[in-house]
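Trainee: Take a look at this one; I'll ask things after.
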């Protein structure tokens, strides 16, 4: 009888250890844990680029202001103008005080066509608080990796067009005054939703 | 004399096309485009295509403002925008207007010869499989315009009257 209790106890203990180990391994392997390991979601980070006025910039331009960050290209006739227009509408809904505290960054994923001068004319169409950023292919690649933005050049031959096209993720990232990621908005987001989140972060 | 003969042939050909296309009428409504940057190489035109009977297909377009004009569409997959040329033209069927609008089908202007300025307009010639050429006047709106402005829509009734 005592012997039986001993074996039962041992089996329960072994099962507990086994289940515990599985849980621990599963937790280690989950992507959520990987992100939490950095203390925050891993969107955003270092970049070195040139703005549409020809000034060199780094991730430090995010400091002290709320930022809406978008990756696109000026040759894009459709998706990018739509999202930039929504960003411009959100900026227009802000009070002068809120606007002074907020900026938008349009980061080109098409360094070949998006020269500084090209970007200056482009972002100027939408809103004075939108800064265009471009750089060398290596700099742009590094910036997209920091933000987990996706882009891919589709050659004219591959696309069957007269000029090459760019596939790209169409996300608007909201970053706080420390340059940390707050939230992502999808293509076609309601400008009011961005305004609401900008106010929430400012109040926060 | 030779010129006269050529004109006669061209007229005859045009008359044949005219007769061939006489069954259905294409109408184009609410065309618009977006203002482009001073150095922009690309732009897009949007509009609604309808046909009063049967079906037709938009095969292409041309415009003096661009070196080439292509029919494109956008595919959004998991937040990724992929712009691609439309294979085989854009179908227009009676009873179901075909909308060319931001985020989807559009007429892509490539190699702009001059910036598209808000408030101006430009000519665009649509080429249909059956209806042939249909001229349209496209008003240029704001850089991020999502829909034609009120009062401009009537511009687009590019009559292809038979």
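Trainee: Do me a favour and compute the ellipsoid semi-axes for the range B:30-93 from its Cα gyration tensor, root of five times each eigenvalue, largest one first, whole Å.
Mentor: Here the semi-axes work out to 23, 18, 12 Å.
Trainee: Using only the Cα atoms of the range B:24-156, what are the Rg and Dmax in Å?
Mentor: So, for the range B:24-156, Rg and Dmax equal 14.1, 42 Å respectively.
Trainee: Here is a follow-up. Kindly put B:49, A:94 in sequence by how many other C-beta atoms sit within 10 Å of each C-beta, fewest to most.
Mentor: So the residues, fewest neighbours to most, are A:94, B:49.
Trainee: Still on this structure, please answer the following. Do you know the relative contact order of the range B:20-113, to the nearest whole percent, from alpha carbon pairs under 8 angstrom that are 6+ apart?
Mentor: For the range B:20-113, the relative contact order is 36 percent.
Trainee: Roughly what % of DSSP beta bridges within the range A:48-203 run antiparallel, to the nearest 5?
Mentor: Taking every DSSP beta bridge with both residues in the range A:48-203, the antiparallel ones total about 60 percent.
Trainee: What are the principal axis extents of the Cα atoms in the range A:48-203, in Å, biggest first?
Mentor: Here the spans come out as 50, 30, 27 Å, largest first.
Trainee: Counting other beta carbons within 10 Å of each residue's own, what order do B:29, A:108, B:36, A:67 fall into, fewest first?
Mentor: Listing B:29, A:108, B:36, A:67 from fewest to most nearby Cβ atoms yields B:29, A:67, B:36, A:108.
Trainee: Something else about it: With 10 angstrom as the radius, rank A:75, A:106 by how many other C-beta atoms surround their C-beta, starting from the fewest.
Mentor: A:75, A:106
FYI, it's all coordinate maths here, none of it is from the lab. All values reported here derive from a predicted model rather than from experimental measurement. Every residue, glycine among them, receives a Cβ derived from its backbone with ideal geometry; neighbour counts consider all protein chains shown.
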